[in-house]
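Presented below is the structure to which this report refers.
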Amino acid sequence: MEVVIGPLLALIIGIKYSDIKSKRNLKELEALKAEMNSRVEMIETNVDKVDKEILKKTLQVVLPIAQATERLQNAVGVK
């Protein structure tokens with residue numbers, strides 16, 4: 001009788017332990033997924049903000065050069 005009960009009991013305990021560990025790992029993965037999603041959203045908003053700032057700064061640099069080029073063309077008579 002002990003020959004059957006011992007391994008059967010060990011099998012049941014092992015299955016339950018595996019189930020508990022897999023549920024714990026699943027919860028940890030879900031928490032990490034939520035954290036990563038929030039970080040990705042934060043990065044996306046930062047990238048959008050930086051893109052807008054770069055556009056403004058580029059216009060601030062290019063516009064005076066374009067105006068100076070236009071004045072130079074008018075002075076030389078090219079345009």
Quiz item: How long are the three semi-axes of the equivalent ellipsoid for the chain, computed from the Cα gyration tensor as the root of 5 times each eigenvalue, in whole Å, largest first?
Solution: 74, 10, 4
Quiz prompt | Tally of Lys pairs whose C-alpha atoms are under 30 Å apart, taken over the chain, 8 or more apart or cross-chain | solution = 9
Quiz item: Roughly speaking, what is the stretch gain from Leu63 to Met1, that is 0.36 nm per residue apart minus the C-alpha to C-alpha distance, in nm to one decimal?
Solution: 13.1 nm
Quiz item: Which value, in debye to the nearest 20, describes the size of the charge dipole of segment 1-65 about its Cα centre when Lys and Arg Cβ atoms bear +1, Asp and Glu Cβ atoms bear -1, and nothing else is charged?
Solution: 120 debye
Quiz item: In degrees from 0 to 90, rounded to the nearest 10, what is the angle of the helix 2-76 Cα long axis to the longest principal axis of the chain?
Solution: 0 degrees
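Every number here is computed from the coordinates shown, using simple stated rules; none is lab data. Since the structure is predicted, the reported quantities are computational estimates derived from the model, not experimental observations. Cβ: placed from backbone, ideal geometry, glycine included. Neighbour counts: every protein chain shown.
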